[in-house]
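The values are calculated or read from the model by the stated rules, or taken from the named source; none is laboratory data. Just so you know, these numbers come straight off a predicted model, no measurement behind them. Here the Cβ is made from the backbone with ideal geometry for all residues, glycine too, and neighbour counts use every protein chain on show.
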Amino acid sequence: MKEDTSSDSDYELIQSKCDLGQENEIENKNVVEKPKNQINVEELKVTFQQMIDEIKIENSKQNSVLKEIIEQKNEKIICLENKVKQMEESTGKKFGELNVEFKQINNLANQSFVQIANKWKEIKEKCCEANCITTEKPTGECVKGNGFANLINDEYVEYIESEINSMGFDKSTTIYAENAFNKPKDRSNYSILYFEVKYISKINEEGINNRRIHIGLENTENNYARLQCGVYGGKEIWFNVQDDEDYFGCLRIKNILWNNNDIFGCGLVYPPSTTNDFAYIFFTHNGKQIGKNF
């Protein structure tokens with residue numbers, strides 16, 4: 001019986017040792033095989049970095065494309081804004097032009113033209129001490145042989161030259177019209193008073209090189225503005241404002257040729273009573289203004 005017991009115990013011990021050996025062998029095998037399944041961190045880092053770089057490159061490309069699209073849109077927006085601005089400016093300009101035209105049409109509708117019959121009436125100077133030609137006797141010849149103006153009728157003035165073989169000479173003559181340019185009572189708008197004279201020569205051009213004509217306006221206070229023209233001489237506007245030396249002088253006019261049958265005009269403009277503007281005088285030559293306003 002003892003031998004049997006001892007045998008069983010030995011068997012169990014051997015069996016236990018055998019099992020322990022197998023376990024150690026399995027553990028050693030696992031230890032040896034484990035590196036085969038281990039992850040390579042460095043390779044993984046490289047792989048991740050490549051992926052990140054590729055993503056960055058792709059993002060950069062996409063950003064460039066988006067930036068280009070945005071820039072194109074901005075250019076289109078700017079272009080559209082410029083077009084809108086141009087249209088607004090053009091529309092505003094057209095509106096302004098239409099508004100001006102409307103005002104002009106409205107002013108034309110409110111304008112009235114009244115032709116006032118006027119005539120030459122008064123002769124200022126004397127032909128000589130004998131007073132051969134006067135306002136009361138407006139036609140005739142000077143007994144001294146001087147050249148002087150004649151009032152042929154209400155509209156025509158003829159200058160009679162001095163006789164060639166006489167001791168006389170041509171004298172200047174000032175002639176006033178019957179009706180003055182008085183200030184209108186109702187001045188709700190601008191009022192223009194205007195007259196014209198036409199020069200007609202009965203002799204050839206070679207004989208009129210000493211001809212002169214003055215037209216203009218003056219008042220009782222010796223304020224005046226006169227246009228002086230010579231056929232081959234100077235063209236000037238003489239003026240005197242409020243009898244003040246600072247407002248006295250002449251303005252020379254250039255590039256004006258005086259020919260036979262030319263028409264000279266003079267106008268006076270009264271502003272509306274609602275403004276502080278001054279009245280002014282202007283001159284014309286064949287319908288076009290010359291010089292400046294006075």
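See the values below:
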read-out	value
Check on ASN179, within 50 Å of the chain's Cα centre (by Cα) and more than 28 Å from SER273 (Cα to Cα)	no
Region 184-201: number of residues that are modelled with pLDDT of 85 or more and not in a strand (DSSP E or B)	2
Region 147-171: number of residues that are crowded, with 17+ Cβ neighbours inside 10 Å and over 21 Å from TYR199 (Cα atoms)	1
Single residue of PHE294, PHE282 found to be modelled with pLDDT under 85, under 20 Å from ILE213 (Cα atoms) and among the aromatic types (Phe, Trp, Tyr)	PHE294
Any chance ALA149 is modelled with pLDDT under 90 and among the aliphatic types (A, V, I, L, M)	no
Residue among GLU129, GLU97 that alone is more than 52 Å from the chain's Cα centre (by Cα) and acidic (Asp, Glu)	GLU129
Region 176-204: number of residues that are surrounded by 12 or more Cβ atoms within 10 Å (Cβ to Cβ) and either at positive phi or touching a Pro at 6+ places or on another chain (Cβ under 9 Å) (or both)	5
